[in-house]
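The structure appears below as structure tokens.
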Amino acid sequence: MPAKSALIFLILASIALAQDKPAPSLSENQIRQLIRQTAENDMANDKRQRDYTYIQREEESKLNGKGQAKSTETKTSEIMEIYGEQVERLIAKDDKPLSDKDAKKEEEKIQKLIDKRKNESPEDRKKREDKEEKEREQNRQFVREVADAYNFHFVGIDSLAGRDTYVIDGEPRPGYEPHLKEARILPKFRFRAWIDKDESQWKKLDIQCIDTVSFGLFLARIHKGSRIVIEQTRINDEVWLPQHVNVKVDVRLALLKDFNVEDDITYRDYKKFRTDTKIVPIGELQPQR
């Protein structure tokens, strides 16, 4: 057999073998464990995010009945942490820097918080920190319930940003009884998740509302069809942090008319700062190089 023909034969044989080889898959129990591990990793990410400053740009559009934007506003903020509390400092509106007057107001707002925390009594500080820890624990419990609230289906493997991800669908599990009051909304949503194969971190979530969700004794309702898409990115080879969030929501507030809104948020310029002290004034943030 000529060399060229032999090479073609080997290529075709390799393709045939690859087609005959079963695609990798995950059982539902394996997926459930993966979801739990991903949730734990995500909570660790949330804690590490407090070691970073970053820029957040939010674009909010009010939509008409055809889903077209009637009006759009943007605001850009610097996010930092002061005394263990995440603080947002507005730096631009509609992609234009703030006026000197508005910029001064933002600086005064931050300084007011710094002064308040500096003069906080040990008792008040402990009370505040205990309340924050309680809220974090409630969030942890809520995230853990996701693994029990859904039936999972392995879709396949997809490459996102050059990394292999498991693609998994989650459908509300019939008969699910939530342990937390807040988890009662879970059966109202379905989702598809892209989970990084090597690090068990979720890369992307596509969440869809499949039934009306009511809040506050029917004072607010999110209608069927609302959707949230969340994407994360790997930062400094140590943490996965938000990159992009898109929210399309049809909501009715109290007895007012329905609001159809799209919110698009991007995150950039993550910079790790040294946390040698609990006080991190604006002008003294020290990004690590």
Exercise for the section: State whether one or more residues within the range 120-131 are surrounded by 12 or more Cβ atoms within 10 Å (Cβ to Cβ), closer than 30 Å to L186 by Cα and of a type outside the set (S, T, Y). Expected result: yes
Completion exercise
Within the range 92-102, of all residues that are in contact with a Lys or Arg (Cβ under 9 Å, 6 or more places away or on another chain) and assigned to a strand (DSSP E or B), the one farthest from I82 (Cα to Cα) is K93
Exercise for the section: Could you please let me know if R184 is on the phi < 0 side of the Ramachandran plot and touching a residue at least 12 places away in the same chain (Cβ under 8 Å)? Expected result: no
Completion exercise
Note on the range 194-211: residues among the aliphatic types (A, V, I, L, M) and out of contact with any helix residue (DSSP H, G or I) (no Cβ under 8 Å at 6 or more places or on another chain) are L205, I207
Exercise for the section: Give me a count of the residues in the range 51-91 that are within 24 Å of V239 (Cβ to Cβ) and part of a strand (DSSP E or B). Expected result: 20
Practice task
Mind counting the residues in the range 212-228 that are more than 19 Å from I168 (Cβ to Cβ), assigned to a strand (DSSP E or B) and out of contact with any helix residue (DSSP H, G or I) (no Cβ under 6 Å at 6 or more places or on another chain)?
Solution key: 5
Handout entry: Among the residues listed as V251, V261, V247, the single one being aliphatic (A, V, I, L, M), modelled with pLDDT of 90 or more and surrounded by 12 or more Cβ atoms within 10 Å (Cβ to Cβ)
Key = V247
Practice task
Please work out which one of (1) basic (K, R); (2) surrounded by 13 or more Cβ atoms within 10 Å (Cβ to Cβ); (3) over 18 Å from the mean Cα position of the chain (by Cα) is the condition K101 fails and give its number.
Solution key: (2)
Exercise for the section: Determine whether I185 is under 18 Å from Q141 (Cα atoms), out of contact with any helix residue (DSSP H, G or I) (no Cβ under 8 Å at 6 or more places or on another chain) and surrounded by 13 or more Cβ atoms within 10 Å (Cβ to Cβ). Expected result: yes
Fill in the blank from the handout: Pairing a residue in the range 149-172 that is at positive phi with any residue that is surrounded by fewer than 16 Cβ atoms within 10 Å (Cβ to Cβ) and modelled with pLDDT under 95, where Cβ atoms lie under 7 Å and the two sit 6 or more apart in sequence or on different chains, gives G156/A23
Handout entry: Top-ranked residue of the range 68-94 - restricted to ones that are under 23 Å from the mean Cα position of the chain (by Cα) and acidic (D, E), ranked as modelled with the lowest pLDDT
Key = E85
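Being surrounded by 17 or more Cβ atoms within 10 Å (Cβ to Cβ) and touching a Ser or Thr at 6+ places or on another chain (Cβ under 9 Å) is the filter; apply it to the range 148-165 and report the residue that is nearest to M43 (Cα to Cα).
Of the residues in the range 148-165, the ones surrounded by 17 or more Cβ atoms within 10 Å (Cβ to Cβ) are 149-150, 152, 154, 165.
Of the ones still in play, those that are also touching a Ser or Thr at 6+ places or on another chain (Cβ under 9 Å) are 154, 165.
Details: F154: 23, T165: 19 Å.
Here the residue is T165.
The values are calculated or read from the model by the stated rules, or taken from the named source; none is laboratory data. Because the structure is predicted, anything quoted here is derived from the model rather than measured. FYI the Cβ positions are ideal-geometry reconstructions off the backbone, even for glycines, and counts take in every protein chain you see.
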